[in-house]
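Read the structure below first, then the notes.
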Amino acid sequence: MNPLYLVAAGIAVLTGLGAGIGIGIATGHTSDAIARQPEASGKIMTAFFLGIALAEATAIYGFVVAILVIVKQVS
């Protein structure tokens, strides 16, 4: 098994780290925003969930790419 494929898969999986950090920062800022303006919590949460979905999508793409790299190496 070529070790470069494993390095590529590892780098692709690191997108999950970025997504986790981004979601954590977004959650903190969302909590602050709701604490400041509780009457706007509906609009804030809508934007929050949209941002989380986009951040999580990048993590899923990275995971899929890692799996494809590993499957390509095995076959």
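Key figures for this structure:
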quantity	calculated
Degrees, to the nearest 10: 15-36 long Cα axis against longest axis of the chain	0 degrees
Cα-derived Rg over Rh, computed across the chain with Rh taken as Kirkwood radius	1.23
GNM top mover of 44, 60, 23 - the chain, alpha-carbon springs below 10 Å	44
Residue order, fewest to most beta carbons within 10 Å, for 5, 61	61, 5
Normalised contact order of the chain, rounded percent, pairs of Cα under 8 Å and 6 or more residues apart	58 percent
Residue among 53, 35, 26 with the largest mean-square fluctuation in a Gaussian network model of the chain, springs linking Cα atoms under 10 Å	35
Distance between the range 1-53 and the range 55-72 - C-alpha centres, whole angstrom	16 Å
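Read the figures in this text as sums done on the coordinates, not as results from a lab. Note that the structure is predicted; figures quoted are calculated from it, not measured. Please note: Cβ atoms are built from the backbone with ideal geometry, for glycine as well, and neighbour counts cover all protein chains shown.
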